[in-house]
Amino acid sequence: MRKSLLICAIIIVSASVIAQDAGIKDIQSQASRGGVDDTAKKLNKAWKIGGNFSLNVGQGGSRNWAAGAEKFSLSLATYANLYANRKVGKWSWDNTLDLGYAFVNTSSQGVRKNDDKIDLFSKLGRAISKTLNLSTVANFRSQFRDGFDYNYLGKGYKRRTSGFMAPAYVTFAPGIDWRPKSNFSIFISPAAARFVLVTDKPKSYLFQAGIIPNDAGFEMPLSAYYGVDPDRQVRFELGGFLSMNYTR
């Protein structure tokens with residue numbers, strides 16, 4: 001009788017161990033699936049596509065209020081970092097897009113944004129050796145929404161100081177790209193062209209015609225803060241350009 005019970009117990013324990021082992025193996029196989037590589041293979045073997053997205057929320061408060069603390073604060077921040085790279089023969093094309101927007105709401109100042117960016121970087125190159133490429137870079141930077149000076153003239157006036165395409169920076173740079181490793185590169189251009197644009201209401205005065213009431217002064221047009229003529233809405237610059245990229 002004891003032997004029969006012992007044999008039954010061994011069979012039950014063995015079956016349990018086998019079932020558990022299969023379950024663990026299934027979990028391990030699910031966890032080991034690649035993210036970026038699998039996505040790239042499903043879409044197109046020549047493309048490597050991936051990125052990160054984050055959403056951060058914070059809330060704070062202070063009951064026994066003291067200087068430097070807020071009775072209530074709520075912050076929200078979103079970020080996206082995306083990339084799409086392709087290599088065919090001696091040709092390579094690398095693209096990155098960084099997006100970010102964040103705001104904070106406090107009991108003393110209300111809602112104000114504290115981050116806002118659009119940054120698109122694209123590099124097309126052709127290999128001339130194992131570590132050197134002849135490349136061309138294009139870069140676009142701007143923002144999503146308007147920014148403000150909340151104490152203009154020191155009198156508490158709210159004046160618009162920036163916005164989408166106000167300003168925007170567009171850069172074109174031919175040069176040499178040095179890639180000693182697949183995840184590290186240094187791009188150098190001796191002569192890069194950059195355009196500074198302020199096309200969204202380039203004057204954008206707070207007071208009508210830019211004349212400050214009860215004062216002999218005049219407002220500067222919005223574009224003047226970025227060295228751009230409001231009538232032309234664009235400024236051309238020429239200079240050197242350096243870009244370093246490291247991915248891990």
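General observations
- Taking Lys and Arg as +1 and Asp and Glu as -1, the other residues whose beta-carbon sits under 13 Å from that of Ser182 total +4.
- In the structure shown, the pairs Lys113/Lys203; Lys87/Lys123; Lys158/Lys203; Lys87/Lys181; Lys113/Lys158; Lys158/Lys201 are assessed against 18 Å; a Cα-Cα span above that value is assigned to Lys113/Lys203.
- Rounded if a/c under 1.5, otherwise prolate or oblate - segment 35-246, Cα gyration tensor axes: oblate
- Summing Lys and Arg as +1 and Asp and Glu as -1 over all other residues whose Cβ lies under 10 Å from the Cβ of Tyr101 gives a net charge of +1.
- For the pair segment 145-217 and segment 74-92, the centres of their Cα atoms are 23 angstrom apart.
- Under the Karplus curve 6.51 cos²θ - 1.76 cosθ + 1.60, θ = phi - 60°, whole-Hz ³J(HN,Hα) for segment 80-90, x wherever Gly or Pro sits: 9, 10, 10, 9, 8, 10, 9, 9, 10, x, 8
- Around Asp115: net Lys/Arg minus Asp/Glu count, Cβ-Cβ under 13 Å: +1
- Averaged over residues, the count of other Cβ atoms within 10 Å places the peptides 92-104, 67-79 in the sequence 92-104, 67-79, highest first.
Laboratory data are not the source of any read-out in this text; all were calculated from the coordinates shown. Since the model is a prediction, treat every value here as computed from it, not as a measurement. Positions of Cβ are generated from backbone atoms using ideal geometry, with glycine treated the same way; all protein chains shown enter the neighbour counts.
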